[in-house]
Each structure stands twice: as C-alpha cells, then as structure tokens.
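Working notes, structure below.
The values are calculated or read from the model by the stated rules, or taken from the named source; none is laboratory data. No experiment lies behind these values; they were computed from the predicted model shown. Every residue, glycine among them, receives a Cβ derived from its backbone with ideal geometry; neighbour counts consider all protein chains shown.
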C-alpha cells in the first residue's frame, strides 16, 4: 500500500526522484499514466494489472468506455528507475499535469500520484475542508 506525502523537485533534465519507500514496492520499472484531478498516476506492475483489469471489464460497446481506454492506454508508459531512483516522465504527461519544478508525490493506496506542488496544495486544502462531510456521506449513510 502506498501512503505518505513527499516534496521533490524535477532536476534540470526533467527527472524525478521517487521516494525509496515507494520504489521498494516496485520492481525495476513502473507504469505511469494520466491520473484524475490533474495528476499523473504511477503504478507498480501488480497495481497496473489490477487497474487494467478494471478498465477492460467495463462495457467496451459504450463510446465513453472506448474513449477512456484509448486515451489511458495511449498515454501510458513503462519507465525504468535509474541508479539514483529517478524516472523521466514523458513530456506529454508533464505538460498535462503542469509539472515544472516543485512536485508532490503522494501515496493513494494502490498507486502513487505525482502532482504539481501548486495544484496539489490547492486541491488538498479544499478537500481537507470537506472531509467531515465526505466521511459522513460515505459511511454514515450506510446505517
């Protein structure tokens, strides 16, 4: 399980160091793709297989499902860690997530999310204000 928040910088060549705590749960390569809410999603091989299985289990006859599958798969890359634990995120994903220098890497349970620091801070601050309401909707309605 991936959890925790780390702040790192992209280096001059656009490489990003992935925290050892996360790397230790991966093999030599990881899968990166478009995430939700403006981030990049990083999966180890097991997590990617689970995510992919969920995607292909959807109704492929539905136009939106086909659109989602096409874009997710087209924007997915398998990346190797270098000797220093860095990955080089493809330009189209960096652009989509507005990654410039300051980056937040956070655990999201079954995967890791990579955010622009400014976008993450805005998202997290807003979400934290809603946590009580979200918790109540998710769990209290089940009674």
Practice task
Could you give me the residue pairs with C-beta distances under 7 Å whose first residue belongs to region 116-139 and is at pLDDT 90 or above, whose second residue is surrounded by 10 or more Cβ atoms within 10 Å (Cβ to Cβ) and assigned to a helix (DSSP H, G or I) wherever it lies, and which are 6+ apart or on separate chains?
Solution key: none
Practice task
Determine which member of the set 47, 38, 109 is touching a strand residue (DSSP E or B) at 6+ places or on another chain (Cβ under 9 Å), touching a residue at least 60 places away in the same chain (Cβ under 8 Å), over 23 Å from residue 14 (Cβ atoms) and surrounded by fewer than 19 Cβ atoms within 10 Å (Cβ to Cβ).
Solution key: 109
Problem - Pairs, first surrounded by 10 or more Cβ atoms within 10 Å (Cβ to Cβ) in region 50-67, second modelled with pLDDT under 90 and in a loop (DSSP other than H, G, I, E, B), C-beta under 6 Å, six or more apart - result: 65/58; 65/59
Problem - Pick from region 30-40, criterion under 23 Å from residue 88 (Cβ atoms) and part of a loop (DSSP other than H, G, I, E, B), ranking: farthest from the chain's Cα centre (by Cα) - result: 38
Exercise for the section: Select from region 86-104 the residues that are crowded, with 16+ Cβ neighbours inside 10 Å and in contact with a helix residue (DSSP H, G or I) (Cβ under 7 Å, 6 or more places away or on another chain) and write down the one among them that is farthest from residue 6 (Cα to Cα). Expected result: 103
Fill in the blank from the handout: In region 1-29, anything free of Cβ contacts under 8 Å to residues at least 60 places away in the same chain and either farther than 15 Å from residue 94 by Cα or in contact with a strand residue (DSSP E or B) (Cβ under 8 Å, 6 or more places away or on another chain) (or both) is listed as 21, 24, 25, 26, 27, 28, 29
